[in-house]
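See structure below.
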Amino acid sequence: MSAIHRALKKHFGFDSFRSQQQEDAVKAVLKGDRDVFVCMPTGAGKSLVYQLPALMSSGITLVISPLIALIQDQVEHLKALNVPARSINSKLPSAERRQILADLESESPRLKLLYITPEMVASPSFQPCLSSLCSRGLLAYLAVDEAHCVSQWGHDFRPDYLKLGDLRSRLRDVPCVALTATAPKRVQEDIERSLKLRSPLLFATPVFRKNLKYDVIFRDLLPDPYVHLLAFAKEALGGNTAEKGCGIVYCRTRESCEEVAHKLTKLGISAKPYHAGLKAGDRTESQADWMADKVPVIVATISFGMGVDKANVRFVVHWNVAKSLASYYQESGRAGRDGLPSSCRIYYSPKDRDQLGFLIRKEITRKQEKRGSQKEQDKAPILDFEAMVAFCEQEG
Ligand code: ADP
Ligand code: MG
């Protein structure tokens with residue numbers, strides 16, 4: 001067993017890495033000669049990429065994360081594993097804060113991971129501590145989690161993240177690890193530039209997983225789209241095999257959820273709708289029946305699926321086009337979590353494209369009117385949507 005695997009087991013109790021990417025990224029961070037950029041989907045285990053090296057190196061790893069709530073979760077989780085991790089933030093009782101600062105000032109601090117928000121990085125009260133850690137060469141790594149927050153193109157821009165550029169300049173010799181789940185090219189470039197990453201090693205999950213088959217069908221050209229959908233669902237579910245599989249059909253509106261679920265059921269595959277217009281009890285029942293494999297198909301708006309982790313999803317259909325490739329990737333990625341072959345299909349329609357395009361533009365105008373001004377990055381949702389449309393039209 002290698003030292004890395006031993007440490008993985010000892011500190012986190014894991015027998016193996018989640019993926020080759022996770023392992024390769026950990027090794028690259030440990031090597032410490034290059035900055036590292038990690039772009040993997042939510043749940044892929046990005047935290048470990050800096051946490052394990054932090055525990056295997058001498059010194060302290062400074063972790064930047066956007067929200068105190070996220071930080072508290074992580075720190076509690078690490079404390080439960082007996083990992084010396086703490087956070088300094090505005091909500092911290094002053095006694096605890098003094099205790100942490102005293103440890104950091106001591107000759108050989110016990111702390112291995114220090115979590116802070118970008119606001120704290122810039123706050124005057126934290127500067128003496130930071131300077132002292134720097135000048136004594138006690139910082140092992142700088143990890144910037146949710147790094148897309150630095151980009152005005154991202155969906156989660158936080159102005160305070162821009163101050164991390166200054167921090168980075170002060171920590172020139174400390175290797176930096178940037179992590180995010182969402183990074184279109186533009187956002188990725190912003191991150192590299194703002195965090196002053198020097199030709200970072202990139203670890204990215206291939207956008208479309210190997211066991212997923214993708215296609216696009218032009219819905220308007222079909223004599224009966226529901227019959228077409230039925231045939232697809234039947235094939236994906238594997239006919240009458242004993243092994244149970246299930247599927248998700250995403251629709252934009254409540255009405256189409258109802259309609260598609262009704263049609264599928266009538267044609268012979270039982271399907272239930274799931275959307276915000278249902279009574280809470282009915283919605284929970286739809287989800288529970290689907291989770292328990294009582295009903296093979298759930299027909300839902302995109303609110304469905306957050307946090308749903310079901311292994312045997314054999315197909316994900318988009319009855320209406322998604323609003324961006326990133327959303328499509330995330331939504332369709334709920335198929336085939338067990339690694340078995342699964343299918344993802346978009347039933348594309350130009351009419352539908354125009355409707356969604358209209359809604360996206362309307363939303364932008366609404367925001368601009370509320371703000372009273374226009375910004376370059378307001379266009380991002382349109383560009384994202386255009387990329388989605390280009391994907392469909394070229395596939396079809
Ligand atoms: P991300 O930040 O990429 O969304 P997290 O770092 O929060 O993901 O990890 C998601 C979950 O995966 C956590 O519960 C974590 O404990 C678990 N995990 C991470 N690495 C492994 C591994 N090698 N084996 C098993 N579980 C893991
Ligand atoms: Mg994370």
Select from region 240-252 the residues that are closer than 18 Å to Leu229 by Cα and either touching a helix residue (DSSP H, G or I) at 6+ places or on another chain (Cβ under 9 Å) or not polar (S, T, N, Q) (or both) and write down the one among them that is most open to solvent (accessible area, probe 1.4 Å).
Arg252
So, of the residues in region 253-265 that are within 19 Å of Ser332 (Cα to Cα) and of a type in the set (Val, Ile, Thr), which turns out to be surrounded by the most Cβ atoms within 10 Å (Cβ to Cβ)?
Val260
Among residues of region 93-124, those that are open to solvent by less than 50 Å² (accessible area, probe 1.4 Å), within 28 Å of the chain's Cα centre (by Cα) and under 20 Å from Pro66 (Cβ atoms), counted:
9
For Ser16, indicate whether it is modelled with pLDDT under 95, open to solvent by 40 Å² or more (accessible area, probe 1.4 Å) and touching a His at 6+ places or on another chain (Cβ under 9 Å).
yes
Which of the residues belonging to region 138-174 are closer than 19 Å to Ser57 by Cβ and either of a type in the set (Phe, Trp, Tyr) or open to solvent by 60 Å² or more (accessible area, probe 1.4 Å) (or both)?
Tyr141, Arg172, Asp173
Go through region 69-86 and give me each residue that's under 15 Å from Ile116 (Cα atoms) and away from ligand 2 (no atom under 15 Å from the Cβ).
Pro84, Arg86
Just wondering, is there one or more residues in region 190-207 that are modelled with pLDDT of 85 or more, within 16 Å of ligand 2 (Cβ to nearest atom) and of a type outside the set (Lys, Arg)?
yes
Among the residues that make up region 176-183, is at least one of them more than 16 Å from ligand 2 (Cβ to nearest atom) and under 21 Å from the mean Cα position of the chain (by Cα)?
yes
Quick check, is Asp24 surrounded by fewer than 23 Cβ atoms within 10 Å (Cβ to Cβ), closer than 12 Å to Phe203 by Cβ and in contact (Cβ under 8 Å) with a residue 40 or more places away in the chain?
yes
Residue under evaluation Gly268, criteria (1) on the phi > 0 side of the Ramachandran plot; (2) surrounded by 16 or more Cβ atoms within 10 Å (Cβ to Cβ); (3) not charged (D, E, K, R), criterion not met:
(2)
Selection count where residues are over 19 Å from Ser57 (Cα atoms) and within 16 Å of ligand 2 (Cβ to nearest atom), scope region 18-32
3
Picked from region 33-66 (must be free of Cβ contacts under 8 Å to residues at least 60 places away in the same chain and away from ligand 2 (no atom under 11 Å from the Cβ)), the residue most open to solvent (accessible area, probe 1.4 Å) is Met56
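The values are calculated or read from the model by the stated rules, or taken from the named source; none is laboratory data. As the structure is a prediction and not an experimental result, all values here were calculated from the model. Here Cβ is always computed from backbone atoms with ideal geometry, including for glycine, and neighbour counts include all displayed protein chains. Just so you know, the surface numbers come from the protein's heavy atoms only, side chains and all, with ligands and any DNA or RNA stripped out. Shrake-Rupley method; radii C 1.70, N 1.55, O 1.52, S 1.80 Å.
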